[in-house]
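Written out below as structure tokens is the structure these notes cover.
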Amino acid sequence: MKNRDTETSGTAKTGVLIFSAPSGAGKSTVVKHLMDKYSFLGFSVSATSRKPRGQEQHGREYYFLSADEFTQRINSGDFIEYEEVYTGLFYGTLKSEVERLSAMGKIVVFDIDVKGGINLKRIYGDDALSVFIMPPSTDALRERLVSRGTETPESVERRVAKANEEIGFSNQFDHIIINDVLDKCLEEAEEITESFYRKLK
Ligand code: ADP
Ligand code: 5GP
């Protein structure tokens with residue numbers, strides 16, 4: 001990617017940094033840390049048909065759409081990719097979001113499920129770096145989901161069951177970071193991000 005700071009949407013080549021992980025592995029924690037640290041990154045706000053939780057705001061964590069609105073946007077061809085990540089709950093990357101960030105000269109950062117991450121890597125090829133955040137164990141993953149306090153017991157078990165399946169795809173990512181000791185994981189994520197930035201310059 002050349003002249004990232006000056007190019008406009010018509011000519012900019014998009015560099016993308018993809019973070020995927022089983023729910024609860026720590027992907028949002030890692031992405032938030034990197035977003036706070038590096039101004040050359042731009043976070044791709046996804047659309048979802050799930051309801052906001054806690055302090056989440058429309059346009060900041062997600063674009064919260066009704067199920068009908070989400071379906072309409074699919075039919076209009078507005079998504080680069082979308083998945084029914086959990087039964088009845090849709091999540092997707094809007095073309096307009098990536099274009100907006102790319103036009104600003106940002107490296108576009110994705111916090112996305114494992115299938116979506118693999119799809120984006122396929123779409124962006126060498127312009128993308130994909131990173132899998134691995135939990136140290138199933139028990140640690142369950143504990144994190146419980147202690148986050150955002151899921152019902154059923155939802156925790158659903159996410160843990162899905163995690164075992166998702167870990168099977170981890171070898172399709174460019175990097176795997178084990179998130180055991182958080183500081184070490186963040187340091188590794190910084191190294192990967194800085195090296196990708198240098199490569200794109
Ligand atoms: P994800 O985005 O992958 O679903 P989160 O970033 O929300 O996961 O992390 C899940 C929970 O685990 C959060 O409460 C977070 O503070 C905590 N957490 C993240 N990394 C670690 C770690 N290395 N050790 C202990 N707890 C962690
Ligand atoms: P949560 O409900 O915990 O915010 O997110 C659930 C899962 O959906 C996470 O794994 C998250 O990374 C994923 N996700 C968020 N946005 C997108 C997206 O645009 N596309 C896909 N495929 N998955 C997404």
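The values are calculated or read from the model by the stated rules, or taken from the named source; none is laboratory data. The structure presented is a predicted model; accordingly, all values stated were derived computationally and were not measured. Heads up, the Cβs are rebuilt from the backbone with ideal geometry, glycines too, and the neighbour counts pull from every protein chain shown. What goes into the accessible areas is simple: the full protein's heavy atoms, side chains included, and nothing from ligands, DNA or RNA. Shrake-Rupley method; radii C 1.70, N 1.55, O 1.52, S 1.80 Å.
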On the accessible surface of the chain, probed at 1.4 Å with all protein chains in place, carbon and sulfur together account for a percent value of 49 percent
Working note, the range 108-201: Cα radius of gyration (Å, one decimal) and Dmax (Å, whole number) are 14.6, 46
Counting only backbone N atoms under 19 Å from a point 7 Å out along Cα-to-Cβ of D139, the residues of the range 157-189 in range are 157, 160-161, 163-164, 179-182
Any residue on another chain or 5+ positions along whose placed amide H is under 5 Å from the amide H of L94 is listed here as A47, I80
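For the chain, what is the accessible area per residue in Å² when the probe is 1.4 Å?
Values: 10470 Å² over 201 residues.
For the chain, the solvent-accessible area averages 52 Å² per residue.
Counting only helical runs of four or more DSSP H residues, what would the 222 nm mean residue ellipticity of the chain come to if each run contributes -39,500 (n - 2.57) and the total is spread over all its residues?
Working: 7 runs with 85 residues, N = 201.
The helix contribution divided over the chain gives -13000 deg cm²/dmol.
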Expressed in nanometres to one decimal, the distance between label points 7 Å along Cα→Cβ at S66 and D174 is 4.1 nm
Plugging the Cβ-Cβ distance of T150 and M35 into 1/(1 + (r/R0)^6) at R0 = 25 Å yields, to the nearest 0.05, a FRET efficiency of 0.80
Phi angles of the range 113-124, converted by Karplus (6.51 cos²θ - 1.76 cosθ + 1.60, θ = phi - 60°) into ³J(HN,Hα) in whole Hz with x for Gly and Pro, give 5, 5, 4, x, x, 5, 4, 5, 4, 4, 5, 8
Ordering 66-78, 176-188 by per-residue average of other C-beta atoms within 10 angstrom, highest first, gives 176-188, 66-78
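Compare V131, V146 by solvent-accessible area with a 1.4 Å probe and give them largest first, with all protein chains kept in place. Display every interim value, and only then the final one.
On the way: V131 0, V146 95 Å².
Of V131, V146, the descending order of accessible area is V146, V131.
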Placing each pseudo-label 7 Å from Cα in the direction of the beta carbon, S76 and K162 end up separated by a distance in nanometres of 2.6 nm
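Hey, with R₀ at 30 Å, roughly what FRET efficiency would E190 and T87 work out to, going by the Cβ-Cβ distance, to 0.05?
On the way: r = 36 Å, r/R0 = 1.20.
The pair E190/T87 has a calculated efficiency of 0.25.
Among DSSP beta bridges whose residues both lie in the chain, state the antiparallel percentage, nearest 5. Each step should come with its number before you reach the end.
Values: 8 of 28 bridges.
Just about 30 percent of them are antiparallel.
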Mean separation of Cα contacts under 8 Å (at least 6 apart) over the residue count of the range 97-171, i.e. the relative contact order in percent, is 22 percent
Any lysines whose Cα falls less than 20 Å from that of K199, other than same-chain ones fewer than 8 residues away, would be K2, K13, K37, K106, K121
The computed P(r) of the range 12-200 puts the percent of Cα pairs beyond 31 Å at 12 percent
